[in-house]
Structures are given as C-alpha cells and as structure tokens.
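Inspection log for the structure reproduced underneath, given as structure tokens.
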Amino acid sequence: MPHSGSPAVTRPGGIGNRLLAALPPADLDLLAPERQTVALDQDAVLSRAGDEIEHVFFPDSGAISLMIELANGETVATAAIGREGQ
C-alpha cells in the first residue's frame, strides 16, 4: 500500500485540495498533525472491497477513481474524486 496521508493544503489562490482549503483555519489546524504529502503511482490501489479504511486521501491534483469489477473480469470506474472534493 502507498504511504499514508493527505496532501498539504494551499489556501485559495494556490493549487491545493479545495475541500481542505475551504475549512476554517482552526479546523484545518486540527488535521495538521496527521496530514502528509504523498505521491501515488498511476493505478495505485488505495483499498479493496472489505478492507478496513486506514487512511483518507485528499487529492491535490489528478483524480482517485472508485472501480468495480464486472462478472466478465473487466473493471469500470463508477466515481472519480478530484481536488474539488467531488
């Protein structure tokens, strides 16, 4: 599994995760001790169905896709989360 954490935040006007950047400073400060910047390889698996969730990721760029495997073995993206938090 890739290294845990979530990207550092750049306040509005920069390039950061918009969901985190929208938090009040006091709330963002509560997350600071646990926040880490990590680089993820394309196609990195963050968790699998049934896994206990150990880390929360807030993308700074790119997107995280929720994938499902179909009965025929193909995989399909069912959702994508980007730096806007959606």
Checklist line | Single unsatisfied condition, Val38 versus (1) in contact with a Ser or Thr (Cβ under 9 Å, 6 or more places away or on another chain); (2) at pLDDT 90 or above | finding: (2)
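Suppose the filter is part of a loop (DSSP other than H, G, I, E, B), in contact (Cβ under 8 Å) with a residue 40 or more places away in the chain and more than 11 Å from the chain's Cα centre (by Cα); does Ala49 pass it? Give the derivation first.
Values: part of a loop (DSSP other than H, G, I, E, B): yes; in contact (Cβ under 8 Å) with a residue 40 or more places away in the chain: no; more than 11 Å from the chain's Cα centre (by Cα): yes.
No: the conditions fail for Ala49.
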Next item on the list: Could you look through the stretch 18-34, keep only residues that are assigned to a loop (DSSP other than H, G, I, E, B) and open to solvent by less than 70 Å² (accessible area, probe 1.4 Å), and pick out the one that is modelled with the highest pLDDT?
Entry: Pro24
Margin query: If Arg83 satisfies all but one of (1) basic (Lys, Arg); (2) without any contact (Cβ under 8 Å) to a residue 24 or more places away in the chain; (3) under 23 Å from Leu20 (Cβ atoms), what's the number of the condition it fails?
Written below: (2)
Notebook entry, point to check: If you go through the stretch 76-86 one residue at a time, how many are of a type outside the set (Gly, Ala, Ser) and not in a loop (DSSP other than H, G, I, E, B)?
Noted result: 3
Check: Just a yes or no: is a residue in the stretch 3-17 open to solvent by 90 Å² or more (accessible area, probe 1.4 Å) and modelled with pLDDT of 85 or more?
Finding: no
Next item on the list: Scan the stretch 52-75 for residues that are loosely packed, with under 11 Cβ neighbours inside 10 Å, part of a loop (DSSP other than H, G, I, E, B) and not acidic (Asp, Glu) and report the count.
Entry: 6
Next item on the list: Six or more apart or on different chains, Cβ under 6 Å: which pairs go from a residue in the stretch 26-42 that's under 17 Å from His55 (Cα atoms) to one that's among the hydrophobic types (A, V, I, L, M, F, W, C)? Could you list them?
Entry: Thr37/Ala8
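The values are calculated or read from the model by the stated rules, or taken from the named source; none is laboratory data. Being a predicted model, the structure only gives us computed values, none of them experimental. Positions of Cβ are backbone-derived with ideal geometry, glycine not excepted, and every protein chain shown enters the neighbour counts. For accessibility, only protein heavy atoms count, side chains too; no ligands or nucleic acids. Shrake-Rupley method; radii C 1.70, N 1.55, O 1.52, S 1.80 Å.
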